[in-house]
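S.K.: I'd like to ask you about the structure that follows.
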């Protein structure tokens, strides 16, 4: 009532119209009912989520939702991987992780930061294990070589429909035959015989109506053998040479030296071999030439035994698990049975002869660390695999 009395006095004093008086009344009423003045609280970023996707053997992608705050300040993000700072001041909501280790567990922490504080969110993941693969195809510009395996992952055929080698095994999974053909008028055949489970003889033949024959007869301790070279024409056998050959081996069973005595001329030839990390890294041949082999740190594409390498596959000699060797060196090595089962852990990147580069290799790799392309001189070979 006091307000109304005061308004009457104001109306008379200032001669106000009733409408103006009503507006004044509304204003006074509104002011009298206004509460305390509201304020915006300055706070750190709110809760947000982190998740990991697109996980491979060596990469993954981190995603996170946007953190909100009830103030207009900017929010930036920092990322830790296994407590190691890997990125900061990010204003996006994704980050790609690369060069990870296969089959390893990782912890991820993402921190949202503004000028008033921070908030963090955690996640974790494991990279995929490396897959064990078997090479199934060498693809050249105008041809290809296919490799097939049995249920024990042993090679059973290598080549093309017109030029191939078949492999057979006994009940103990030991190799019994390697037969190559049809190579025009020429075939190659290697037969293995055993005394109990020990290798006793290998008989190698190359030709057709007339052919070369090499017989290897092994000692009972499997560290030496006699090599007999013959030429066969119309059933007539002409012996061309006979050799006594002995090998020395390291604790891993790898051949470290080979001495060959020609029983006809008494000439002695010696090979020496060195290894490192499962790789053949040096060969010293009977001419005292030193061959060095350098390797990458990836898985070898050569996933099968070399066997008695087919002399008609000049590009892929497969001697001691190596390809594109010097032809004379490869021809000598391919007749050393102690190397038939040899392989290497990694892939050659350079051959050196007496310190000078003889051939080099470049590779592209898949996520399982196997080469999918070999580039050497004018050759580019694409590689395909199957999973074990």
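Every number in this text was worked out from the coordinates using simple rules, so none of it is lab data. All values reported here derive from a predicted model rather than from experimental measurement. FYI the Cβ positions are ideal-geometry reconstructions off the backbone, even for glycines, and counts take in every protein chain you see.
S.K.: By counting other Cβ atoms within 10 Å of each Cβ, how are 305, 334 ranked from fewest to most?
M.R.: 305, 334
S.K.: How tilted is helix 2-14 with respect to the longest principal axis of the chain? Cα atoms for both, answer in degrees (0 to 90, nearest 10).
M.R.: 70
S.K.: Here is a follow-up. Can you tell me, using C-alpha contacts under 8 Å and at least 6 residues apart, the relative contact order of the chain as a whole percent?
M.R.: 10
S.K.: Using 5 Å bins from zero, what percent of all Cα-Cα pairs in the stretch 50-126 falls into each bin?
M.R.: Taking all Cα pairs of the stretch 50-126, the binned fractions are 3, 15, 29, 23, 14, 8, 4, 2, 1 percent.
S.K.: Estimate the FRET efficiency between residue 282 and residue 239 by the formula 1/(1 + (r/R0)^6), using the beta-carbon distance for r and 35 Å for R0, to the nearest 0.05.
M.R.: 0.55
S.K.: Could you tell me the distance between the Cα centroids of the stretch 221-241 and the stretch 246-265, to the nearest Å?
M.R.: The two parts, judged by their Cα centres, are 19 Å apart.
S.K.: Take each of the peptides 210-216, 108-114, 378-384, 86-92, average the number of other beta-carbon atoms within 10 Å over its residues, and list them starting from the highest.
M.R.: Numbers: 210-216: 17.0, 108-114: 20.6, 378-384: 15.1, 86-92: 11.4.
The densest-packed peptide leads the list: 108-114, 210-216, 378-384, 86-92.
S.K.: Taking a point 7 angstrom from the Cα of residue 375 along the C-beta vector, which residues in the stretch 335-351 have backbone N less than 16 Å away?
M.R.: Answer for this model: 349-350.
S.K.: For the chain, what is the mean residue ellipticity at 222 nm derived from helices alone (per DSSP H run of n ≥ 4: -39500 (n - 2.57); sum divided by total residues; nearest 500 deg cm²/dmol)?
M.R.: It comes out at -3000 deg cm²/dmol, rounded to the nearest 500.
S.K.: While we're here: Going by alpha carbons, how many degrees (0 to 90, nearest 10) lie between the helix axis of 18-32 and the longest principal axis of the chain?
M.R.: Approximately 50 degrees, to the nearest 10.
S.K.: Please compute the modelled spin-label separation between residue 94 and residue 131, points set 7 Å along Cα→Cβ, answer in nm with one decimal.
M.R.: Result: 2.4 nm between the two label points.
S.K.: As a footprinting exposure proxy, order 147, 229, 47 by other Cβ within 10 Å, with the fewest listed first.
M.R.: By the 10 Å Cβ count, ascending, the order reads 47, 229, 147.
S.K.: Taking a spot 7 Å from the Cα of residue 222 along the direction of its beta carbon, which residues of the stretch 242-262 have an amide N less than 11 Å from it?
M.R.: The answer is 253.
S.K.: Find, to one decimal place in angstroms, the Kirkwood hydrodynamic radius of the stretch 135-289, where the mean of 1/r is taken over every pair of different Cα atoms and then inverted.
M.R.: So the Kirkwood estimate lands at 18.1 Å.
S.K.: Sorting 52, 388 on the 10 Å Cβ count, fewest up front, what's the list? Display every interim value, and only then the final one.
M.R.: Values: 52 16, 388 10.
So the residues, fewest neighbours to most, are 388, 52.
S.K.: I would also like to ask the following. Per q in 0.07, 0.11 1/Å, what log10 I(q)/I(0) does a Debye calculation on the alpha-carbon atoms of the chain return?
M.R.: The calculated log intensity ratios at q = 0.07, 0.11 Å⁻¹ are -0.52, -0.90.
S.K.: Ok, one more. Say R0 is 30 Å: what FRET efficiency, to the nearest 0.05, do residue 232 and residue 141 get from their beta-carbon distance? Each step should come with its number before you reach the end.
M.R.: Numbers: r = 38 Å, r/R0 = 1.26.
Efficiency computed from Cβ-Cβ geometry: 0.20.
S.K.: What would the Debye equation give as log₁₀ I(q)/I(0) for the stretch 65-200 at q = 0.13, 0.15, 0.20 Å⁻¹, counting only Cα atoms as equal point scatterers?
M.R.: Relative scattering, expressed as log10 I(q)/I(0), comes to -0.73, -0.85, -1.16.
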